[in-house]
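What follows is a set of notes on a single structure, which appears directly below.
Values quoted throughout were computed directly from the atomic coordinates according to the rules given, and no laboratory measurement underlies them. Only a predicted model underlies this, so the values are computations on that prediction, with no experimental measurement involved. All Cβ positions, even for glycine, are placed from backbone atoms using ideal geometry, and neighbour counts span all protein chains on display.
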Amino acid sequence: MERMSLVRSLVAAAMLVPHASAMAANADPDWPCVQRKVPQLSLGQVWNGPELPPAAKDWAEDPSVSALVEEVAARRLQIADAQKKISDFAASLPAEQLAPKMTMLVQGMFDHMDAERSHVISGISRYAHKQLEMAAALRKQASDVDQLRAKPDADQDEVERRTDQLNFATRIFNERVQSLTYVCDVPTIIEQRLYQLSKTVSETLAAKK
């Protein structure tokens, strides 16, 4: 059982090493996700409408736009509900305010969600480094337990206590590996949401022409 604990920890640690395809696609060899690492997005990746005017960068100064950006960017809000909020907002605007406000909305969503995505990517890197440190500590802990068990006069109560500690630490480590697998999807989820919401704005503007 104790040896299996060590095996599980080593297997979990191996999961942190990027697959060959991921390493080929990434400039950062320490990036733990299969998904390609793109620290920041460009507006052209998510926006296929007309070029945004310079005034769109002032979106944070417009209370109605900045509030809507916060609402629709939140992933807890279903995408369909977020799209409806955008459509309802557009419908509430006078004709002369539609284009200015909606382009501000696009810029605001991009700025907000790209920053959120970059924050998640930085967090993934920190998380992965912590996992590597934990894996090294687990290997050391397992080696110490093996050495203790090999002693003829080993205190069996102490062996059992330290084995339980190792098993518990290994379980926590493996749970964190599973969490990392989920978190690796988050940057892509944010990017896809941003694209869908930006497309809603583009379609709304096109329909009003």
Using the alpha-carbon centroid of each, what span in Å lies between segment 58-86 and segment 122-157?
-> 46
Stretchable slack from residue 51 to residue 157, in nm (0.36 nm times residue separation minus alpha-carbon distance) | 31.0 nm
Angle, helix 79-91 long axis vs. longest principal axis of the chain, Cα atoms, 0 to 90°, nearest 10?
-> 20
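Based on the alpha-carbon set only, what is the convex hull volume of the chain divided per residue, in Å³? Before the final figure, lay out each step's value.
Details: hull volume 29.4 nm³, N = 209.
Hull volume normalised by residue count: 141 Å³.
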What's the angle, to the nearest 10 degrees (0 to 90), between helix 95-150's Cα axis and the longest principal axis of the chain?
-> 0
Hey, what angle do you get for helix 2-15 against the long axis of the chain, alpha-carbon based, 0 to 90 degrees rounded to 10?
-> 30
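For residue 164 and residue 144, calculate 0.36 nm times their separation in residues minus their Cα-Cα distance, and state this gained length in nm to one decimal.
Numbers: separation 20, 0.36 × 20 = 7.20 nm, distance 1.32 nm.
Answer, rounded to one decimal: 5.9 nm.
Taking each pair of different alpha-carbon atoms in segment 90-152 once, compute 1/r for the pair, average those values, and report the inverse of that mean as the Kirkwood hydrodynamic radius in Å to one decimal. Before the final figure, lay out each step's value.
Numbers: mean 1/r = 0.0609 Å⁻¹.
Answer for segment 90-152: a Kirkwood hydrodynamic radius of 16.4 Å.
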Enter the mean projected area of the convex hull around the alpha-carbon atoms of segment 124-171, in nm², rounded to one decimal.
-> 3.2
Segment 45-158 - Rg (one decimal) and Dmax (whole number), Cα, Å | 26.2, 87
Can you figure out the FRET efficiency of residue 34 with residue 115, using R₀ = 22 Å and their beta-carbon distance, to the nearest 0.05?
-> 0.40
